[in-house]
Amino acid sequence: ILLLQTIQMSSAILVMRNSLLKAFRFSPIVLVTSVALDNFINFVITFLLIATPAIFLSGVSLQGLLLLPLCMIPVLIGTMALSLLFSLMNVFLRDTSFVLSFAFSIFFFLTPIFYPIEYIPLHLRWVVQWNPFYHLIHPFRAAILDFEIMNFIDVWLKAMMWAAAMVIMSVLYWRKKRNGIYIHL
């Protein structure tokens, strides 16, 4: 939910705060990053408050619990990258935020969070494998539900690769469109 809320909130931030950007002429990345970091801090606090008692009462592996801060790294990186990408897209294509809310509701149900991937038929698993949210959230499942160190490392590295791909896409789009931002605001 952190991913969805942050990206939806930040997708419209540049358009909503265009007077602030024009008045002070600072980098739009600052606004997007502030939204992402604010939501991430709220997520960490909420996660600790809700998950701590639930995890300790369920008898989950302590080794997996110690790796939960590592799980948050690809989520933060991927969220910030997608937030920047979609906020820039919204400057040039104003309906981006509306399309995102529809697309994200579909992606949310296609992301195995509360159900294992084995519940998805084999011929449809490719959809999940190309869902970036699945790869960003999967390290949490690997650390909490079925912890095995080699599996966790594999899942975490895949999440980091997906986050890096999102950063690359965002940086390339930023470099292409950064000169036209103030014109389109």
**OP:** Mind pulling the angle between the C-alpha long axis of helix 68-92 and the longest principal axis of the chain? Nearest 10 degrees, somewhere in 0 to 90.
**Re:** 30
Original post:
Rounded to the nearest 0.05, what FRET efficiency do LEU57 and TYR115 have when you use their Cβ-Cβ distance and R0 = 22 Å?
Top reply: 0.55
**OP:** At a Cα cut-off below 18 Å, give the aspartates and glutamates reachable from LYS177, other chains included and same-chain residues fewer than 8 away excluded.
**Re:** ASP95
Subject >> Surface per residue (accessible, 1.4 Å probe) for the chain, Å² >> reply: 57
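Kindly provide the Kirkwood hydrodynamic radius of the chain in Å, to one decimal, from all pairs of distinct alpha carbon atoms.
Every distinct Cα pair counted, the radius reaches 17.6 Å.
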Original post:
How would LEU37, LEU85 line up by accessible area, probe 1.4 Å, largest first?
Top reply: LEU37, LEU85
Subject >> Semi-axes of the equivalent ellipsoid for region 80-185, Cα gyration tensor, largest first, Å >> reply: 31, 17, 10
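Which of the chymotrypsin sites (Phe, Trp or Tyr not before Pro) across region 82-117 are loop residues per DSSP, with 12 or fewer other Cβ within 10 Å?
Answer by residue number: PHE114.
The values are calculated or read from the model by the stated rules, or taken from the named source; none is laboratory data. It should be emphasised that the depicted structure is a prediction, and the values quoted were computed from it without experimental measurement. All Cβ positions, even for glycine, are placed from backbone atoms using ideal geometry, and neighbour counts span all protein chains on display. What goes into the accessible areas is simple: the full protein's heavy atoms, side chains included, and nothing from ligands, DNA or RNA. Shrake-Rupley method; radii C 1.70, N 1.55, O 1.52, S 1.80 Å.
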